[in-house]
Amino acid sequence: MMRTRPQPGGWRLGAHLAGGLTLCHYKAFEVCAGLAAVKTRIAATMPDYVKYGIHVMAAQHDGGEVVIGDSHEYDADIGPFDKPEIDELVLNYLRNMLRLPDWQIAARWHGIYAKHPTKSFVTAEPQPGCVIAVAPGGTGMTMSFGLAADWWEANA
């Protein structure tokens with residue numbers, strides 16, 4: 001993940017921006033009839049993007065900085081150091097989607113998530129009335145309110 005400096009002159013991105021590679025990343029898109037063909041084309045023409053699990057997104061917050069991401073490495077590929085070549089792949093792809101006034105990167109970071117081998121969320125009740133729900137793999141903020149509503153409806 002990366003973040004630019006505040007964009008000059010009050011420049012605004014507008015809505016969150018996601019590139020076509022995102023179709024290959026999120027399971028919600030698996031219902032798309034043409035997805036297999038898209039994945040095959042991307043694997044043949046952009047193997048490094050597949051290797052590093054790259055799908056390109058950009059979002060801007062009130063301070064004017066643009067948050068840019070992201071990539072995903074799994075299992076034995078995970079290491080403590082960021083790979084500059086991944087950042088360059090992300091930025092090169094984004095440059096074809098977006099014209100930022102200032103591309104200077106102010107910060108870089110990565111997250112490491114626990115991931116369940118088959119489930120997108122896991123619940124447990126270690127004792128009556130105490131429920132633990134977790135969405136390992138980085139989807140907790142995305143799924144939390146839906147999971148809470150589903151659990152409440154099933155258990156209230």
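The values are calculated or read from the model by the stated rules, or taken from the named source; none is laboratory data. Only a predicted model underlies this, so the values are computations on that prediction, with no experimental measurement involved. No Cβ is skipped: glycine too gets one built from the backbone with ideal geometry, and neighbour counts run over all protein chains shown. Please note that ligands, DNA and RNA were not included when accessible areas were found on the heavy atoms of the full protein model with its side chains. Shrake-Rupley method; radii C 1.70, N 1.55, O 1.52, S 1.80 Å.
Each label point was placed 7 Å from the Cα along the Cα-to-Cβ direction; for residue 119 and residue 81 their separation is 3.7 nm.
What fraction, in whole percent, of alpha-carbon pairs in the chain exceed 20 Å separation? List each step's numbers first, then the result.
On the way: 7252 of 12090 pairs.
Cα-Cα pairs in the chain separated by more than 20 Å: 60 percent.
Using Cα pairs under 8 angstrom and six or more residues apart, how large is the relative contact order of the chain, in percent? Please list the in-between numbers first.
Numbers: 177 pairs, mean separation 42.7, N = 156.
Once divided by the residue count of the chain, the mean separation gives 27 percent.
At 1.4 Å probe size, with every protein chain present, just tell me what the per residue accessible area of the chain comes to in Å². Intermediate values should be presented prior to the final figure.
Working: 10460 Å² over 156 residues.
In whole numbers, the chain has 67 Å² accessible per residue.
Relative to the longest principal axis of the Cα atoms of the chain, helix 35-45 runs at roughly 40 degrees.
Estimated from helical segments only, the mean residue ellipticity of the chain at 222 nm is -9000 deg cm²/dmol, where each DSSP H run of four or more residues counts as -39500 (n - 2.57). Relative contact order of the range 12-86, taken over Cα pairs closer than 8 Å and 6 or more residues apart, is 33 percent. Among the protein heavy atoms of the range 61-156, carbon and sulfur supply 56% of the accessible surface, probe 1.4 Å, non-protein parts ignored. Only one residue of 15, 90, 52 has its Cα farthest out toward the positive end of the dipole of the range 1-111, where Lys and Arg carry +1 and Asp and Glu -1 on Cβ, and that residue is 15.
GNM remark for the chain: springs join alpha carbons under 10 Å apart, and the peak mean-square fluctuation among 22, 40, 118 falls on 118. The simple spin-label model puts a point 7 Å past each Cα toward its Cβ; for residue 16 and residue 92 those points are separated by 2.7 nm.
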